[in-house]
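The values are calculated or read from the model by the stated rules, or taken from the named source; none is laboratory data. The structure presented is a predicted model; accordingly, all values stated were derived computationally and were not measured. A quick note on method: Cβ atoms are made from the backbone with ideal geometry, for glycine too, and the neighbour counts reach across all protein chains shown.
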Amino acid sequence: MKLARNIAIVALLAFVVAVLPGGDNAARAVLAAISLTFLALIGLAGRELYRQNQMSYMGLTDRQRLIFVGALGALVLMVAGADELTRTGLGVVLWLVVIAASVFAIVRVVGESRAY
């Protein structure tokens, strides 16, 4: 019964977006608000992780910190530019390579920091 109710709600919302004038714009606005909220929550989670691991971060060498922050910056840029980069095949390959290299760099720095 709950499933039928949920399906009816989604169908009603889809009908409203499809039929009412400006429904497409309203749907885009809601999606934009949800996306911004999600990105803000990711930022807050990152801040909290930094606060919890600040001592470990300060214990890294300058080289390790540079690699770590550079990899995080590359990940942020890839998330921000995902729509533009994933429009072409070469862009998708570049996006995947940068994501993989960034994750590898972060894992490597964390592994090096725990090796001692």
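The table that follows gives values for the structure above.
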{"quantity": "Test: residue in the range 52-60 that is part of a helix (DSSP H, G or I), out of contact with any His (no Cβ under 6 Å at 6 or more places or on another chain), surrounded by 13 or more Cβ atoms within 10 Å (Cβ to Cβ) and free of Cβ contacts under 8 Å to residues at least 12 places away in the same chain", "calculated": "yes"}
{"quantity": "Residue tally, condition exposed (fewer than 11 other Cβ atoms within 10 Å of the Cβ), of a type outside the set (Gly, Ala, Ser) and closer than 30 Å to Tyr57 by Cβ, over the range 25-41", "calculated": "4"}
{"quantity": "The range 30-56: number of residues that are over 18 Å from Val79 (Cβ atoms) and modelled with pLDDT of 85 or more", "calculated": "7"}
{"quantity": "Members of the range 61-81 that are polar (S, T, N, Q) and touching a residue at least 40 places away in the same chain (Cβ under 8 Å)", "calculated": "Gln64"}
{"quantity": "Residue within the range 10-24 that is modelled with pLDDT under 90, surrounded by 10 or more Cβ atoms within 10 Å (Cβ to Cβ) and of a type in the set (Asp, Glu) present", "calculated": "yes"}
{"quantity": "Single residue of Glu84, Glu112 found to be free of Cβ contacts under 8 Å to residues at least 12 places away in the same chain, part of a helix (DSSP H, G or I) and among the acidic types (Asp, Glu)", "calculated": "Glu84"}
{"quantity": "Only one of Ala45, Ala14 that is within 23 Å of Ala80 (Cβ to Cβ) and in a helix (DSSP H, G or I)", "calculated": "Ala45"}
{"quantity": "Residues of the range 75-116 satisfying the condition of being within 18 Å of the chain's Cα centre (by Cα), surrounded by fewer than 13 Cβ atoms within 10 Å (Cβ to Cβ) and within 23 Å of Met55 (Cα to Cα)", "calculated": "Phe104, Val107"}
{"quantity": "Among (1) farther than 30 Å from Ala115 by Cα; (2) touching a helix residue (DSSP H, G or I) at 6+ places or on another chain (Cβ under 7 Å); (3) assigned by TED's automatic domain parsing to the domain that holds Ser102; (4) of a type in the set (A, V, I, L, M), the one test that Ala74 misses", "calculated": "(1)"}
